[in-house]
Structure formats: structure tokens, C-alpha cells
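Undergrad: Below is a structure I'd like to ask you about.
The values are calculated or read from the model by the stated rules, or taken from the named source; none is laboratory data. Keep in mind that this is a model prediction, so the values were computed, not measured. Heads up, the Cβs are rebuilt from the backbone with ideal geometry, glycines too, and the neighbour counts pull from every protein chain shown. Side chains are part of the model used for accessible areas, which takes the heavy atoms of the whole protein and leaves out ligands, DNA and RNA. Shrake-Rupley method; radii C 1.70, N 1.55, O 1.52, S 1.80 Å.
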Amino acid sequence: MMQIYNDWKSKYPDIIHLFKCGDFFMTFDKDAEDISSILGITLMVRKNKARTAGFPKYRINEFLTRLLRAGRRVMIHGQETEEKL
């Protein structure tokens, strides 16, 4: 997931990238720091020093509105799944 985030962030550095992961929206590193301060949510630091922040998907309307009102642009990425036949 971090590689996908880094790829998108390098293409669109000024946009917050949210990733749908099951019942949550998650983001990483600089974007995680930004949304944690804007939304007042917890910034988590993993053992590998990666920073993450997320929120339940049922709060997307509220939090997306707050991010946009704060002047931020947001890109939402869906979770890709593979089915083995």
C-alpha cells in the first residue's frame, strides 16, 4: 500500500490521497499528518516509522467536507481485489 501511495503522491504531491481499506479510509506520511491536524484524529506511527491516519467510511461525508473547507484537494482510491479462478 505504501508503494501505491508513494507512486500517487509523486504524481500529485499537493493532493491528499485517501485509500479505502475495508471499512476505513486510510492515508500515510505527510497526508496522515495533515488530516490528523485538520480533522483532530489520531496520527499513528508504526514500527517501521511510517505514519498513518484513518477514519471509518461512514464518516466520509463529514470529513471530506472538512478537508475541502480547509482548502485541501482530495483523491479517493478504491481497494483493488483479485479473485483467483
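Undergrad: Determine the equivalent ellipsoid of the chain by diagonalising the alpha-carbon gyration tensor, then write out the semi-axes as square roots of 5 times the eigenvalues, largest first, rounded to whole Å. Present the calculation step by step, with values, prior to reporting the outcome.
TA: Working: eigenvalues 79, 48, 38 Å².
After diagonalising the Cα gyration tensor, the semi-axes are 20, 15, 14 Å.
Undergrad: Further question: Taking the highest mean first, how do the peptides 25-31, 35-41, 70-76 order by number of other beta carbon atoms within 10 angstrom per residue?
TA: Values: 25-31: 20.4, 35-41: 16.0, 70-76: 12.7.
Sorting 25-31, 35-41, 70-76 by mean packing, highest first, produces 25-31, 35-41, 70-76.
Undergrad: Can you give the % of DSSP beta bridges in the chain that are antiparallel, to the nearest 5? Kindly include the intermediate steps, with their values, before the conclusion.
TA: Details: 10 of 15 bridges.
Expressed as a percentage, antiparallel bridges in the chain total about 65.
Undergrad: Moving to a separate point now. Can you list which of the GluC sites (Glu not before Pro) found in the chain are DSSP loop residues with at most 13 other C-beta atoms within 10 Å? Don't jump to the answer; show the numbers that get you there.
TA: Working: sites: 33, 62, 80, 82, 83; in loops: 80, 82, 83.
Here the GluC sites (Glu not before Pro) that fit, given the DSSP loop and packing criteria, are 80, 82, 83.
Undergrad: Report the local net charge at residue 31: Lys and Arg +1, Asp and Glu -1, summed over other residues whose C-beta lies under 10 Å from its C-beta. Write down the numbers at each step before the final one.
TA: Working: positive: 9, 30, 51, 72; negative: 29, 33, 34.
Net local charge, residue 31 excluded: +1.
Undergrad: In square angstrom, what is the accessible area per residue of the chain with a 1.4 angstrom probe? Kindly include the intermediate steps, with their values, before the conclusion.
TA: Working: 5900 Å² over 85 residues.
Counting only protein heavy atoms, the per-residue value for the chain is 69 Å².
Undergrad: Something else about it: By a straight-distance test (C-alpha under 24 Å), which lysines pair with residue 57 as possible cross-link partners, with residues fewer than eight away in the same chain excluded?
TA: Within reach: 9, 20, 30.
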